[in-house]
Amino acid sequence: MSDERAREAFEIAKETYAGEGVDVENALSALADIPISLHCWQGDDVGGFEQAAGTLGGGLAVTGAYPGKARTAGELRDDLDLAFSLIPGRRRLNLHAIYGEFGPKHPGRDRIGAADFARWREWAGKKNLPLDFNATCFSHPMAESGLTLSHPDPAVRRFWIDHVIACREVAAGFGRTQKSPCLHNLWIPDGMKETPADRAGFRTRLEKSLDEIYQTAYPDAELRDSLEGKLFGLGSEAFVVGSNEFYAGYAVSRRKFLCLDLGHFHPTESVADKISALLPFVPGLVIHFSRGLRWDSDHVVLLTDEISEVCGELVRAAAWDRVNLALDYFDGSLNRIGAWVIGARAVLKGLLQALLQPWARLEEADRRGDGMARLSIRENAPMLPLGAVWDEFCRRFEVPAGTGFVEPIRRYEDEVLRRRV
Ligand code: RNT
Ligand code: ZN
């Protein structure tokens, strides 16, 4: 479509939304203000750069062997540069501790420091890209039992406590220089294939480990801490120490952010519904946007009903300073840059769609108890011209609209990715 026709379509869309009582310009500027944190680990199947080829542990699994995954931090940054050039809006980058550039001698996970991430910092600083961070409590010999911070052996716990302490220090360092608090999210694999006798024992140990980790206080302007629970994992089917309830209780009592990963609940459980139930009680929430297909399969996010509903609740909450949005999925079966771009754009579309809902009318119907009016608005919502507004958003950020991002990625695949053997 020509630029002129696209603009006409946008003008018509604006009118249509105005007829519904929705201000499109307000929605566009709100969307432009919401950062999405891209997960570095989609670029290399959660491999990291600790040694030549790490084996993924902790019950995480990436399927697919599409050619061209990043083999070095430099390659990963090149790939991210391309992805970012095709995603409109504000962004952040989410690093995992295994993505440091450690040189020939790794200091040990319990001793990593700011220097190991100096190049990431420099690169991100130049483009004004705030960094987020994650301790990596998996893919390591000390995590082979499937237990880390809740391990019965104090020496194992010590090692992982020290790792997370080191990670928070790295994260706070990021926050200090980037003038935006770095989010340090903690997920651990701890769990069991079969039910233990002493569930409470594992949880008490985890609670103690966490309390020790969080003893060091950092200014809010530098660091945000969040904790991510899970329903089950490969090898932790019967028992997960850090369940959602455990961390919800911990987050409320210790004033931490709670991370909700869309793949970490029973398939029919609504994460959207949890947002308004938790936000009054926790300092804030983190959403890990993912798409579970039959299980926690970490598929690339698409604009599904689940995404629409979660985005709807986020827009209703309008607590953007207390909510961090991040992507978390890993698919090795397709072009990995495409996976980033498709997922990020899908989340942004979900947010835009939510920002364009006729909330005033819906609320009015709520108040009147007019169920038919409310349902009719919801029923009609998918017919509204969201696409024309999305295209305009892309145009304003000078990124391709529609599927226009495919071509540049293909070219890069031919010229760069296919040569990585
Ligand atoms: C695992 C959690 C966690 C990880 C990343 C790599 O189930 O979702 O967030 O995906 O830390
Ligand atoms: Zn997650």
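The values are calculated or read from the model by the stated rules, or taken from the named source; none is laboratory data. Keep in mind the model is a prediction, meaning the values are calculated, not measured. Heads up, the Cβs are rebuilt from the backbone with ideal geometry, glycines too, and the neighbour counts pull from every protein chain shown.
Summary of values
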{"quantity": "Considering residues of region 379-395 that are more than 17 Å from Ala344 (Cα to Cα) and small (Gly, Ala, Ser) only, the residue surrounded by the fewest Cβ atoms within 10 Å (Cβ to Cβ)", "calculated": "Ala381"}
{"quantity": "Some residue of region 262-272 being away from ligand 1 (no atom under 13 Å from the Cβ), assigned to a loop (DSSP other than H, G, I, E, B), touching a Leu at 6+ places or on another chain (Cβ under 8 Å) and of a type in the set (Val, Ile, Thr)", "calculated": "no"}
{"quantity": "Matching residues, region 172-230, being among the hydroxyl-bearing types (Ser, Thr, Tyr) and within 16 Å of ligand 2 (Cβ to nearest atom)", "calculated": "Ser226"}
{"quantity": "Residue, modelled with the highest pLDDT, within region 33-64, restricted to residues that are of a type outside the set (Val, Ile, Thr), more than 17 Å from Phe330 (Cα to Cα) and surrounded by 14 or more Cβ atoms within 10 Å (Cβ to Cβ)", "calculated": "Pro35"}
{"quantity": "Any hit, region 133-154, residues being more than 16 Å from ligand 1 (Cβ to nearest atom), of a type in the set (A, V, I, L, M) and closer than 21 Å to Phe239 by Cβ", "calculated": "yes"}
{"quantity": "Number of positions in region 317-344 that are surrounded by 24 or more Cβ atoms within 10 Å (Cβ to Cβ), among the charged types (D, E, K, R) and out of contact with any strand residue (DSSP E or B) (no Cβ under 6 Å at 6 or more places or on another chain)", "calculated": "1"}
{"quantity": "Residues of region 171-195 that turn out to be buried (at least 24 other Cβ atoms within 10 Å of the Cβ), within 16 Å of ligand 1 (Cβ to nearest atom) and not in a loop (DSSP other than H, G, I, E, B), as a count", "calculated": "6"}
{"quantity": "Single unsatisfied condition, Ile337 versus (1) closer than 22 Å to Leu56 by Cα; (2) part of a loop (DSSP other than H, G, I, E, B); (3) more than 16 Å from ligand 1 (Cβ to nearest atom)", "calculated": "(2)"}
{"quantity": "Condition met for Phe84 (within 30 Å of Gly229 (Cα to Cα), of a type in the set (Phe, Trp, Tyr), surrounded by fewer than 22 Cβ atoms within 10 Å (Cβ to Cβ) and at pLDDT 95 or above)", "calculated": "yes"}
{"quantity": "Matching entry among Gly235, Gly242 (being surrounded by fewer than 22 Cβ atoms within 10 Å (Cβ to Cβ), of a type outside the set (A, V, I, L, M), in a loop (DSSP other than H, G, I, E, B) and in contact with a strand residue (DSSP E or B) (Cβ under 8 Å, 6 or more places away or on another chain))", "calculated": "Gly235"}
{"quantity": "Residue check for Ile287: within 15 Å of ligand 1 (Cβ to nearest atom), β-branched (Val, Ile, Thr) and under 19 Å from Asp328 (Cβ atoms)", "calculated": "yes"}
{"quantity": "Region 144-167, residues that are among the aliphatic types (A, V, I, L, M) and part of a helix (DSSP H, G or I)", "calculated": "Ala155, Val156, Ile161, Val164, Ile165, Ala166"}
{"quantity": "Flag for Glu237 being in contact (Cβ under 8 Å) with a residue 60 or more places away in the chain and within 16 Å of ligand 1 (Cβ to nearest atom)", "calculated": "no"}
{"quantity": "Qualifying position, being more than 20 Å from Gly57 (Cα to Cα) and either surrounded by 14 or more Cβ atoms within 10 Å (Cβ to Cβ) or within 16 Å of ligand 1 (Cβ to nearest atom) (or both), among Leu206, Leu210", "calculated": "Leu210"}
{"quantity": "Checklist (1) on the phi < 0 side of the Ramachandran plot; (2) without any contact (Cβ under 8 Å) to a residue 40 or more places away in the chain; (3) among the small types (Gly, Ala, Ser) applied to Gly312, failing item", "calculated": "(2)"}
{"quantity": "Hits in region 247-283 (condition: closer than 19 Å to Leu149 by Cβ, within 16 Å of ligand 2 (Cβ to nearest atom) and either in contact with a Ser or Thr (Cβ under 7 Å, 6 or more places away or on another chain) or touching a residue at least 40 places away in the same chain (Cβ under 8 Å) (or both))", "calculated": "Lys256, Phe257, Leu258, Cys259, Asp261"}
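Each row is one residue, and each column tells you yes or no for (1) closer than 15 Å to Leu303 by Cα; (2) not in a helix (DSSP H, G or I).
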position	(1), (2)
Gln353	yes, no
Glu363	no, no
Ala373	no, no
Arg395	no, no
Pro400	no, yes
Glu413	no, no
